[in-house]
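Undergrad: Following this message is one structure expressed as structure tokens.
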Amino acid sequence: MPIAHPFDDDKLREECGVFGVVGLKDAANFVALGLHALQHRGQEAGGIVCHHPEHGFNNARRFGYVRDNFTKESLMSTLPGPLAIGHVRYSTAGSKGQTAIRDVQPFFGEFSMGGAAIAHNGNITNADSLRRELIERGSIFQSSSDSECIIHLMARSLQRTIPERMEDALRRVEGAFSVVAMTRTKLIGVRDPLGVRPLVLGKLAEGWVLSSETCALDIIGAEFIREIKPGEMVVITAENGVESHFPFRPQPSKFCIFEHVYFSRPDSSYGGRSVYETRRQIGVELARENPVDADLVCAVPDSGTPAAIGYSQESGIPFAMGIVRNQYMGRTFIEPTEQIRNMGVRLKLNVNRALIEGKRVILVDDSVVRGTTSRKIKEMILDAGAKEVHFRIASPPTAWPCFYGVDTPEREKLLAATMNEDQMAEHLAVDSLKFISLDGLYRAVGEPEGRNKKCPQYCDACFSGEYPVRPADMIAKGFELKAAE
Ligand code: SF4
């Protein structure tokens, strides 16, 4: 299993990626490639379920990277057929950091009308109460995953077909879900009514593809057709193509704004614009809102790079690769010793001393979560002889946890939950620290008027504390919502 590195503890982590293919020979091979392109959305484990008209359903679930498992002929030859779905996972509710193989998706259920498998990206905010209710009524859970509730709800539905049962089940579910599912003949994609997590549709030759992000369509040479709409269910067969339904009550869209900032790959696109371009524009807004006199703009690589380029372009201060990332660190130390662990950030990032020495440096990072990494990076820059260090952050202060499929520390551990901007600057001991405003972020993602306070155009709960779906399970456990203003 890939190691949990200290550097990664200080970032929000996307918890899942989903991919599905129908109508292509050996669909599982395409799914493996797609999951490989989505590996940034989850590195703990991955799984594929496929169906072949003669061999029926088959599946494989493995810990670790896609490339270490789903490239082996010995495994892939056990996954035949023209229909397959897959899932990569970081870790979801129930077994954070201690994934058991039974928690690895896709989940499979055998119903009277045939089998079905589902892969879920997101988080069900009423999973605890659903689970209790289902167990009381006789369901036997195999995993600790919230996503398994969907299979049990489908099993209890009285509807005739699997897509109808899935609609029925998902109407009971609250929270965020982008689901890719399959029957013997159908590939199914569903997005929750708010469209919190992404899901896109592509086409390759005679086949159809569903993916969390467009970058995974590119890797298999599929053409991007469109995004699945919030609240939409598509049922796809090789013969009849795409049928679209809207089974939920329509609601204003609340796509996760953090997908633009950090989670998605920069070569993916949403709403017709590349994530890279949006991040560059965030840097432009950041420079307009928070100028500072300095000699160099450097990125905390890799996710801070597009915003740093935008900041440099807008401010006229040269961009330089003052910090270099060691791309292969993750695979270097399988079982790091305590001494190596203590080297922390230095294992992943190195300062380009020749560029930094004697300079006033603006460091652009995508976010500050606990602040532990920011502090270490600042020390590295000062050790390399920088005269001043100014942090510019390409997202507003992260002051609230996410309950919609992203791993966040508890609220008390978020630096911005207990300190204002000046206190954080003092805590990190930097010459200045500034965050982009919420309005600035909205402008950068293509909303020229900024955030609509009455009905925000995106989910931004981790910044604003305004949760578009009530996190029922967490409230029952004592989580306190922000007091009304
Ligand atoms: S709370 Fe933040 S990370 Fe979670 S879905 Fe909303 S914007 Fe995205």
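Undergrad: Nearest 10 degrees is fine. How inclined is helix 27-37 to the longest principal axis of the chain, computing both from alpha carbons?
TA: That helix lies at roughly 20 degrees to the long axis.
Undergrad: How high is the relative contact order of segment 348-485, in percent, counting Cα pairs under 8 Å that sit 6 or more residues apart?
TA: Answer for segment 348-485 is 22 percent.
Undergrad: Which order, highest average first, do 219-231, 419-431 follow once you tally other Cβ atoms within 10 Å for each residue and take the mean per peptide?
TA: The packing order, highest mean first, is 219-231, 419-431.
Undergrad: Right, something else. Quick check on segment 341-485: take the gyration tensor over C-alpha atoms, sort the square-rooted eigenvalues as a ≥ b ≥ c, and tell me if it's rounded (a/c under 1.5), prolate or oblate.
TA: prolate
Undergrad: State whether segment 140-238 is rounded, prolate or oblate according to the following rule on the C-alpha gyration tensor (a ≥ b ≥ c being the square roots of its eigenvalues): a/c under 1.5 gives rounded; otherwise a/b larger than b/c gives prolate, and the remaining case gives oblate.
TA: prolate
Undergrad: Also, I was wondering about something else. Find the centroid of the Cα atoms in segment 153-176 and in segment 246-270, then give the distance between the two in whole Å.
TA: 23 Å
Undergrad: Starting from the Cα of LEU481, step 7 Å along the direction of its Cβ; do the same at LYS203; then give the gap between the two resulting points in nm.
TA: Distance between the two pseudo-spin positions: 4.3 nm.
Undergrad: What FRET efficiency, computed as 1/(1 + (r/R0)^6) with R0 = 22 Å and r the Cβ-Cβ distance, is obtained for HIS245 and ARG156, rounded to the nearest 0.05?
TA: Given R0 = 22 Å and the Cβ-Cβ separation, E is 0.60.
Undergrad: Now for a different question. With a/c under 1.5 counting as rounded, go ahead and sort segment 161-293 into rounded, prolate or oblate using the C-alpha gyration tensor (a ≥ b ≥ c being the square roots of the eigenvalues; past the cut-off, prolate if a/b is larger than b/c, else oblate).
TA: oblate
Undergrad: Using only Cα atoms and rounding to the nearest 10 degrees, what angle (0 to 90) does helix 275-289 make with the longest principal axis of the chain?
TA: The helix 275-289 is inclined about 30 degrees to the chain.
Undergrad: Taking the Kirkwood radius as the inverse of the mean 1/r across Cα pairs, report the Rg/Rh of the chain.
TA: 0.98
Undergrad: Based on the mean of other Cβ atoms within 10 Å per residue, sort peptides 279-292, 371-384 so the most packed one is first.
TA: The most tightly packed comes first, giving 279-292, 371-384.
Undergrad: Report, to the nearest 10°, how far helix 305-315 tilts away from the longest principal axis of the Cα atoms in the chain, using its own Cα long axis and a range of 0 to 90°.
TA: Taking Cα atoms only, the helix is inclined about 40 degrees.
Undergrad: Would you mind computing, in nm to one decimal, how far apart the modelled labels at ALA417 and ARG360 are, each placed 7 Å from Cα along Cα→Cβ?
TA: Modelled inter-label distance: 3.6 nm.
Undergrad: Still on this structure: Which value in deg cm²/dmol, rounded to the nearest 500, describes the helix-derived mean residue ellipticity at 222 nm for the chain, given -39,500 (n - 2.57) per DSSP H run of n ≥ 4 and division by the residue count?
TA: So the calculated ellipticity at 222 nm is -7000 deg cm²/dmol.
Undergrad: Pairs of Cα atoms under 8 Å, at least six residues apart: use those to get the relative contact order of segment 217-267, whole percent.
TA: 23 percent
Read the figures in this text as sums done on the coordinates, not as results from a lab. Owing to the predicted nature of the structure, the values given are computational and were not obtained by experimental measurement. All Cβ positions, even for glycine, are placed from backbone atoms using ideal geometry, and neighbour counts span all protein chains on display.
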